[in-house]
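A.B. asks: Structure incoming, see below.
The values are calculated or read from the model by the stated rules, or taken from the named source; none is laboratory data. Bear in mind the structure is a predicted one, so any value in this text is a computation, not a measurement. A quick note on method: Cβ atoms are made from the backbone with ideal geometry, for glycine too, and the neighbour counts reach across all protein chains shown.
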Amino acid sequence: NAGVTQTPKFQVLKTGQSMTLQCAQDMNHNSMYWYRQDPGMGLRLIYYSASEGTTDKGEVPNGYNVSRLNKREFSLRLESAAPSQTSVYFCASSVQINTGELFFGEGSRLTVL
Amino acid sequence: ELKVEQNPLFLSMQEGKNYTIYCNYSTTSDRLYWYRQDPGKSLESLFVLLSNGAVKQEGRLMASLDTKARLSTLHITAAVHDLSATYFCAVDIIGGGADGLTFGKGTHLIIQP
């Protein structure tokens, strides 16, 4: 049972480059989320998708875009990476929005030089 | 804006001792979650507290929720080294522009032999 799978696990980018983080869940969950984790800051919500076909901004959406490709997949795109986007990114899913615990992927460590 | 505050943010303690981590939040909610994160790893769900007065226990950890005080506690009994980790509390509220979980900054717990 894979749960939530993220790729890549590690990535180094130069300032201005673009990249997409991929996330897939096999638990038939309706809601999916992208968080970033920075030292001393806890986890902050970037974007979420309450259900297939919908996406909404979280606390820190600037510099990011998302796509809910289907019920299983939710991708996060950095169009023009900046050093401030160096972070660990976590994808998560839940049965429904606001109805219970989140299940997290293993994380993607991104460094922007 | 929902704020979630944990204290302490850092705790070093000896094996065999008892201690409590506190989680305060700023907006009415009756759903609170505790997660554990080991270094370099993902977040693992520990407890889901869904009503005032809820108490959950797993081994040496016990979590409780007082929605009137907007306070949750995570109590550690007779700590052992394996409990060393970072512990996060998270709160969700329905609507109010805070969909998805809002996390505290985490409590970094070190248990020394």
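A.B. asks: Is it true that B:Arg60 is among the basic types (Lys, Arg) and more than 13 Å from B:Leu109 (Cα to Cα)?
C.D. replies: yes
A.B. asks: Does the stretch B:34-71 hold any residues that are over 12 Å from the mean Cα position of the chain (by Cα), under 20 Å from A:Gly3 (Cα atoms) and polar (S, T, N, Q), and which are they?
C.D. replies: Passing the criteria: only B:Ser42.
A.B. asks: Further question on the same structure: Residues of the stretch B:69-84 being in a strand (DSSP E or B) and either on the phi > 0 side of the Ramachandran plot or touching a helix residue (DSSP H, G or I) at 6+ places or on another chain (Cβ under 8 Å) (or both), which ones?
C.D. replies: B:Ile76 - this is the single residue of the stretch B:69-84 that is in a strand (DSSP E or B) and either on the phi > 0 side of the Ramachandran plot or touching a helix residue (DSSP H, G or I) at 6+ places or on another chain (Cβ under 8 Å) (or both).
A.B. asks: Counting only residues that are in contact (Cβ under 8 Å) with a residue 40 or more places away in the chain and in contact with a strand residue (DSSP E or B) (Cβ under 6 Å, 6 or more places away or on another chain), give me the strands (runs of 3 or more DSSP E) lying completely in the stretch B:1-68 with at least 1 of them.
C.D. replies: Qualifying strands (runs of 3 or more DSSP E): B:4-7, B:10-14, B:19-25, B:32-37, B:43-49.
A.B. asks: Something else now. So which residues in the stretch A:47-62 are without any contact (Cβ under 8 Å) to a residue 40 or more places away in the chain and surrounded by 14 or more Cβ atoms within 10 Å (Cβ to Cβ)?
C.D. replies: Correct list: A:Tyr47, A:Ser49, A:Glu52, A:Thr55, A:Asp56, A:Lys57, A:Gly58, A:Glu59, A:Val60, A:Pro61.
Residue by residue, here is whether (1) over 22 Å from B:Phe103 (Cβ atoms); (2) more than 10 Å from chain B (Cβ to nearest Cβ); (3) modelled with pLDDT under 95; (4) surrounded by fewer than 20 Cβ atoms within 10 Å (Cβ to Cβ) holds:
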residue: A:Val4; (1), (2), (3), (4): no, no, no, no
residue: A:Val12; (1), (2), (3), (4): yes, yes, no, yes
residue: A:Gly16; (1), (2), (3), (4): yes, yes, no, yes
residue: A:Met19; (1), (2), (3), (4): yes, yes, no, yes
residue: A:Gln22; (1), (2), (3), (4): yes, yes, no, yes
residue: A:Gln25; (1), (2), (3), (4): no, yes, no, no
residue: A:Pro39; (1), (2), (3), (4): no, no, yes, yes
residue: A:Arg44; (1), (2), (3), (4): no, no, yes, yes
